[in-house]
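Inspection log for the structure reproduced underneath, given as structure tokens.
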Amino acid sequence: MNHHVVIIGAGYAGLPAAKRLARRVRPDEVVVTLVSAFSDFIERPRLHQLAVGQHIEPMPLSRYLHGSGVRLIAASVIGIDLDRREVRTIDERGRRSAVPYDTLVYALGSNIDVTSVPGVAEHCVTLIGPSAAGELHDRLKSLAAGATVTVCGGGLTGIEIAGEIATAFPTVHMQLVSASTPGGWLSGKGRRYLGDTLAELGVEVIDGARVGHVEPGCLVLADGRRLAFGLCVWAGGFTVPTLARKAGLAVNQADRALVDATFRSVTHPDVYVIGDAAAIGGAWGQQLAMGCRTGGFTGPKVADIIAARLTGRDPQPFAYRYIHECISLGRRHGLVQFLNRDETPKEQILTGRKAIMYKNATLNGAKLLFRHSGPMLARRRHLNPIESAVPCGRG
């Protein structure tokens, strides 16, 4: 009997996990299935470029998976039955299915939080995918000169959206509203460069401003101030799907699944959770910051862990090191902040077009990883009879 590994989510975590695992096991013994609601890979760090009309080449999942042996199911996940070990799906035609698994990898990621602040979902736009980016572009083109475009959120997403719009639509009045100082985590050099560049682009930064709720055409701040806008783009933090909690996995207060050092659910060891959906603890704290980098590190690693367990070997625990933060501010300005081992910022930065080139090389390197997820030589071991007879991790 084959051992079925089902991976749900085909982003920066799920896609490399599927491809790498398929190269670590024998296809006549292990079936690897990838479930995705989208036919293309969503390159989230470039959505702000799509939003201003730049062409980003689509990346069909079928192209990445060609010849890998990974089975692709195009459907949305609507539920998980942990007792029956089934993933419930629905496709674009409304057809429902149950996909059985022996080992499940949960990689559904995160998205912009539009529920914590009243009025956001009704009166703001968000970059949650290519279609949303297209909608934002259409609305930007329809604005009159002098209209106010407000971006809420001083993290990487908000900063990059503000810089891109200010560059592509210089006739609008660009505001960046944030509860904290945008880029406050950067080094002194990094903060100065960011502040000078936003000022050069004409971005008005309003920090120390916490949004209480949103009304049509107006932000109402917690201190009572009102900020009018013609268009509001919300980038105020991320949240994860509630699917893990509803299924019965142990989660923290943010609904991120509680896992051990090898990404196994602490309550259901036949389920692995990776990327933003997991609360992965370590020297860095109780969980990693959300972002594509979290998926990029945990996806290939979970493939090695599962392959080791299925073939009767002890997996190596997860180790993590990040060396940089890449920020684009339009197509002419960029900032790369290099980091110490503990992820505090070094007084070492790269700026301008060189930083843009560096970030593009980083993103293109990720796509190369998806095509060649390793290992370079596919060493496919036979299943261990004990491990393959039970859900992975329970033997």
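The values are calculated or read from the model by the stated rules, or taken from the named source; none is laboratory data. These numbers were taken from a predicted model, which means no experiment stands behind them. Positions of Cβ are backbone-derived with ideal geometry, glycine not excepted, and every protein chain shown enters the neighbour counts. These area figures cover heavy atoms from the full protein model, side chains too; ligands, DNA and RNA do not enter into them. Shrake-Rupley method; radii C 1.70, N 1.55, O 1.52, S 1.80 Å.
At a Förster distance of 56 Å, what's the computed FRET efficiency of Met357 paired with Arg84, Cβ-Cβ distance as r, to 0.05? Let's see the in-between values first.
On the way: r = 50 Å, r/R0 = 0.90.
Once rounded, the FRET efficiency stands at 0.65.
Please list, in chain and number order, the residues 5+ apart from Phe238 or on another chain whose amide H is under 5 Å from its amide H, with Hs placed from the backbone.
Close amide H contacts, sequence-distant or interchain: Asp113.
May I ask you to rank His3, His213 by accessible area, largest first, using a 1.4 Å probe over the protein chains only?
On the way: His3 0, His213 65 Å².
Per-residue accessible area, sorted high to low, gives His213, His3.
Probe 1.4 Å, all protein chains in place: accessible area of Glu200 in Å², nearest 10?
Using a 1.4 Å probe on the heavy atoms, I get roughly 120 Å².
Just from its helices, what would the mean residue ellipticity at 222 nm be for the chain, if runs of 4 or more DSSP H residues each count -39500 (n - 2.57) and the sum is divided by every residue, rounded to the nearest 500 deg cm²/dmol?
Numbers: 11 runs with 109 residues, N = 395.
Helix-only estimate at 222 nm: -8000 deg cm²/dmol.
Would you kindly find the accessible area of Phe318, with a 1.4 Å probe and non-protein molecules such as ligands, DNA and RNA excluded, rounding to the nearest 10 Å²?
Phe318 has an accessible surface of roughly 30 Å² with all protein chains in place.
Can you give the FRET efficiency for Ala144 and Arg93, using 1/(1 + (r/R0)^6), R0 = 35 Å, r = Cβ-Cβ distance, to the nearest 0.05?
Working: r = 41 Å, r/R0 = 1.18.
So, using R0 = 35 Å, E works out to roughly 0.25.
Where in the chain are the helices, taken as whole DSSP H runs, whose Cα atoms extend 24 angstrom or more along the long axis and whose Kyte-Doolittle mean reaches at least -0.5?
Membrane-span-like by this criterion, though nothing is claimed about a membrane: 292-310, 352-371.
When the scattering of region 124-194 is computed by the Debye formula from its Cα atoms alone, each counted once and equally, what is log10 I(q)/I(0) at q = 0.15, 0.28 Å⁻¹?
With one equal scatterer per Cα and no solvent, log10 I(q)/I(0) is -0.53, -1.34.
Gaussian network model of the chain, Cα springs within a sub-10 Å range: biggest mean-square fluctuation belongs to which of Gly134, Gly224, Gly365?
Gly224
Give me the one-decimal Kirkwood hydrodynamic radius in Å for region 218-269, with the sum taken over alpha-carbon pairs.
14.1
Is there a quick way to get the dipole size of region 206-283? I mean about its Cα centre, with the Cβ of Lys and Arg at +1 and of Asp and Glu at -1; what is the value in debye to the nearest 20?
Working: 7 positive and 7 negative charges, 27 e Å.
It comes to approximately 120 debye.
Got a sec? What order do Asp255, Asp40 fall in by accessible area at 1.4 Å, biggest, i.e. largest, first? Please report the intermediate quantities before stating the final value.
Numbers: Asp255 30, Asp40 55 Å².
Final ranking, largest accessible area leading: Asp40, Asp255.
For the chain, modelled as a Gaussian network with Cα springs under 10 Å, which listed residue fluctuates most, Ala279, Ala166, Ala250?
Ala250
By accessible area of protein heavy atoms, probe 1.4 Å, what ranking do Met357, Met174 get, highest first? Intermediate values should be presented prior to the final figure.
Numbers: Met357 135, Met174 0 Å².
Order by accessible area, largest first: Met357, Met174.
Whole-Å semi-axes of region 66-213's equivalent ellipsoid, largest first, each the root of 5 times a Cα gyration tensor eigenvalue?
Numbers: eigenvalues 304, 71, 53 Å².
Semi-axes, largest first: 39, 19, 16 Å.
Kirkwood Rh over alpha-carbon pairs of the chain, then Stokes-Einstein at 4 °C and 1.567 mPa s: what D in µm² s⁻¹, rounded to an integer?
59
What size of dipole, in debye to the nearest 20, comes out for the chain about its Cα centre when the only charges are +1 on Lys and Arg C-beta atoms and -1 on Asp and Glu C-beta atoms?
Values: 45 positive and 34 negative charges, 247 e Å.
It works out to roughly 1180 debye.
Starting from 0.36 nm per residue, how many nanometres of slack lie between Ser116 and His213 once their C-alpha separation is accounted for?
Between Ser116 and His213, full extension yields 34.0 nm more.
Can you pull the one-decimal nm distance between simple spin-label points at Ser76 and Ile128, each 7 Å off the Cα toward Cβ?
0.9
Leaving out ligands, DNA and RNA, and with a 1.4 Å probe, what % of the accessible surface on region 60-182 is carbon or sulfur? Kindly include the intermediate steps, with their values, before the conclusion.
Details: 2640 of 5560 Å².
For region 60-182, the apolar C and S fraction of the accessible surface comes to 48 percent.
If you average the C-alpha positions of region 202-275 and of region 3-82 separately, how far apart do those two centres end up, in angstrom?
For region 202-275 versus region 3-82, the Cα centre distance is 24 Å.
What spacing in nm lies between the two simple spin-label points modelled at Glu347 and Thr267, each 7 Å away from Cα in the Cβ direction?
4.9
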